Amino acid sequence: MNVLIIPNSFKGSLSAVSVAKIAAKGILKVKEKLNYNLELIPISDGGDGLIDAFLFSKRAKKVECIVSDPLNRKIKTHYAYDIKNSVAILEMASASGLVLLNNAERNPLTATSKGTGELLLNAMKKAKKIIIGIGGSATCDCGVGALSALGFQFLNHQGEKLEPLAKNLSRIQKILYPCNFQKFSSLDIQIAYDVKNPLIGKNGAARVYSPQKGASPEDVLFLERGLANFAKVIKERTGIDISHMRGAGAAGGIGAAFHALLGAKLRPGTQIVFRELQIEEKIKNADLIITGEGRIDFQTIFGKAPIEVAKIAKKYKLPCIALCGSLEPSVTSKLYKKGLTAVFSICTGPSDIEFCIKNAEILLGNITEQLFKTFTSLLISRRTKRRYLF
C-alpha cells in the first residue's frame, strides 16, 4: 500500500514540511501488520513554503544572496535552483515580505519590492525559467520597486524621475524600459499567485490587502488611485489592461505588472507547483492520500491546495483525507463533492486558537495516528473477510 502525505502549511503554526513529517510519525506509530510505503510531498499554493517544497523534493539546491528588504535594508536570503532543468524558484516574501517587518514598520506607501527584483537578477544568471511565489508581501507598489532593480524608470508629467514607491504611483506618467531589455525576452517567468483578486475595485489589492500591511483608510484610497493610474499608464504603453486581471491583486500588483512589461505568465500557485512536482503522477499511484492546511473553510473550495489534491484523487477514485487546524462545518458537504473522503480537525474538544497553535505538533500526530489506525484496521478486516455487527 502506498500512502501519500501531501499537505500545505498550517499558517502561523507549522510549515508544510513540518506537517508532513509529523503526520508521518503518527502513521509510523501504528503497529498493525500491514506493508505500506510512505511518501512525503509538502506543497504550496504560491505563498510561504514554495521554496521548501522544491528543496524537500531534492530537485533543487539552496542559493544564498544579499538583497534589499521592504525598507531597503540589506539582508541575506535564498532561493532554490534546479540545475538539471535550469529552473529557479523564488519567494517574494523572502525579500519583500511582511514577515521581515515589525508592526511599527509596516507601511505599504513606502515599502519596496526592490529586493524581489534583485532576487530575479541573481536567478537570471543561472536559470532559463524562473518561478516566483508572490504570497506574503509587505508591498502594494505594483512591482515598481522590483522593476526599478531591473532597470526600469518611472517619470512624472514633467519628465522627472520618480522614486519607485507606492506613494508615487499616482504621479507616474511614463515608463522607460532598460537599455538591456532584450535579455528579459528569452526568460520564462512564471508568477505563482495564491489569491484571485483583481488589481483595483472593492476586491482589489488596496482595499482588501493593504490594511493588513499597515494602510490607514485614507492610505487605502490613495493606493487605489495610484494603482488605477499605473494600470492606465501600463495599458497606454503595452496595450494590456491589468486592472481586472485574475490574480492581479496578489502582492500589490507585482504579478500583473510583470505580465504586462516582462511577458510573465500569471497562474495559480497550485497549478504551477503541481505541474513542476508531478503531483498527479504521484497521486494516481497512491492507495491513500492525506492532505490538509491550517484552516479549511469556504475559501478552500476555490483552488486551495487541499481541494486541488482532492480533485485529482477523485479522478482516480482514491480515498483522500484532509487534516486541518480549524474546520468550518458548513462546507463539509461541498468538500466531499470535490473529492475529499473525510475532513478532521486536530482540535477534538473545546479549545482556543492559542492552545491549538501551541500544541499543534502533538494534536496533529495524535489525529493522524488515529485515522490511520482506523483505516488499516478496516482494511485488514476486509482482507480477512471479517464482518462487524452493529
From the options GLY247, GLY201, residue that is in contact with a Leu (Cβ under 6 Å, 6 or more places away or on another chain) and at positive phi
GLY247
Quick one: which strands (runs of 3 or more DSSP E) sit completely within the stretch 1-69 and have at least 1 residues that are open to solvent by 10 Å² or more (accessible area, probe 1.4 Å) and under 24 Å from THR116 (Cα atoms)?
61-68
Among residues of the stretch 287-318 being modelled with pLDDT of 95 or more and part of a loop (DSSP other than H, G, I, E, B), the residue most open to solvent (accessible area, probe 1.4 Å) is LYS317
Cβ-Cβ distance below 9 Å, separation of 6 or more or different chains: which pairs start in the stretch 331-348 with a residue that is among the hydroxyl-bearing types (Ser, Thr, Tyr) and end on one that is open to solvent by less than 70 Å² (accessible area, probe 1.4 Å) and assigned to a loop (DSSP other than H, G, I, E, B)?
THR332/LEU340; THR341/LEU318; THR341/PRO319
Mind telling me which of the residues LEU199, LEU221 ends up being open to solvent by less than 10 Å² (accessible area, probe 1.4 Å) and either in contact (Cβ under 8 Å) with a residue 12 or more places away in the chain or hydrophobic (A, V, I, L, M, F, W, C) (or both)?
LEU199
For the condition under 16 Å from the mean Cα position of the chain (by Cα) and under 18 Å from ASN168 (Cβ atoms), what is the one hit in GLY214, GLY269, GLY253, GLY247?
GLY253
May I ask you to verify whether ASN122 is assigned to a loop (DSSP other than H, G, I, E, B) and within 25 Å of ALA60 (Cα to Cα)?
no
Search the stretch 5-22 for residues that are on the phi > 0 side of the Ramachandran plot and modelled with pLDDT of 95 or more and pair each with any residue that is outside any helix (DSSP H, G or I) and basic (Lys, Arg) when their beta-carbon atoms are under 6 Å apart and the residues are at least 6 apart or on different chains.
none
Examine the stretch 266-279 for a residue that is of a type outside the set (Asp, Glu) and closer than 23 Å to ALA111 by Cα, and state whether such a residue exists.
yes
Within the stretch 202-216, of all residues that are of a type outside the set (S, T, N, Q) and farther than 15 Å from GLU105 by Cβ, the one most open to solvent (accessible area, probe 1.4 Å) is LYS202
If I filter the stretch 88-122 down to residues being surrounded by fewer than 20 Cβ atoms within 10 Å (Cβ to Cβ) and among the β-branched types (Val, Ile, Thr), which single residue comes out as farthest from LEU227 (Cα to Cα)?
VAL99
Just one listed residue, out of THR368, THR341, is of a type outside the set (A, V, I, L, M, F, W, C) and open to solvent by 50 Å² or more (accessible area, probe 1.4 Å), and it is THR341
Quick check on ALA88: is it aliphatic (A, V, I, L, M), closer than 30 Å to GLU281 by Cβ and in contact with a strand residue (DSSP E or B) (Cβ under 6 Å, 6 or more places away or on another chain)?
yes
Is the stretch 165-185 home to any residue that is within 21 Å of GLU91 (Cβ to Cβ), open to solvent by less than 40 Å² (accessible area, probe 1.4 Å) and modelled with pLDDT of 95 or more?
yes
Go through (1) in contact with a helix residue (DSSP H, G or I) (Cβ under 9 Å, 6 or more places away or on another chain); (2) at pLDDT 95 or above; (3) more than 30 Å from ASP141 (Cα to Cα) one by one and return the number of the condition LEU38 breaks.
(2)
Return the residue satisfying two criteria in turn: it lies in the stretch 242-282 and is in a loop (DSSP other than H, G, I, E, B) and not aliphatic (A, V, I, L, M), and of such residues it is surrounded by the most Cβ atoms within 10 Å (Cβ to Cβ).
GLY249
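The values are calculated or read from the model by the stated rules, or taken from the named source; none is laboratory data. Values in this document were obtained by computation on a predicted structure and should not be read as measured data. Positions of Cβ are backbone-derived with ideal geometry, glycine not excepted, and every protein chain shown enters the neighbour counts. Just the protein is used for accessible areas: all its heavy atoms, side chains included, with ligands, DNA and RNA removed. Shrake-Rupley method; radii C 1.70, N 1.55, O 1.52, S 1.80 Å.
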